[in-house]
Amino acid sequence: MAVETLYRSTRDLETTFVDRKLADAHDQMLELAEVLTEVLMKNVPGLSEKHAEDASIYMAKNRTVFAAAFKNNASALSDLSEPSETTD
C-alpha cells in the first residue's frame, strides 16, 4: 500500500498538491489576489465583485510580468497580449 502526502492551500481547500512549495505558492497567489480585490473594489467605482476577483486573480497569476511592467518595462505586458487557456 502506497502512502502519498498531499498539501492544500488554506485559501483553496478544493485543490491539492503533492509538493509543499507549489501549495505555498498557490496560497500566496490567492492571498495577493484577495488584497488586490479589496483595493480594486475600493478604488474603481462601478466594478463588480466578480470582475474585481477575476482581474485580481489574473494579475496575481501574472505578477512577475506586471512587476516588470511597473518597473519601466511596459513592453513586458506584450507577453500577456495573446489569450491563454486557463484551467479553472
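The values are calculated or read from the model by the stated rules, or taken from the named source; none is laboratory data. All values derive from a computational prediction rather than experimental measurement. Cβ sites come from the backbone with ideal geometry, for glycine too, and all protein chains shown count toward neighbours.
Scanning segment 4-47 for residues that are closer than 16 Å to residue 59 by Cα, in contact with an Asp or Glu (Cβ under 8 Å, 6 or more places away or on another chain) and aliphatic (A, V, I, L, M) gives 30, 33, 41.
Got at least one residue in segment 70-84 being modelled with pLDDT under 90 and charged (D, E, K, R)? Yes, segment 70-84 contains at least one residue that is modelled with pLDDT under 90 and charged (D, E, K, R).
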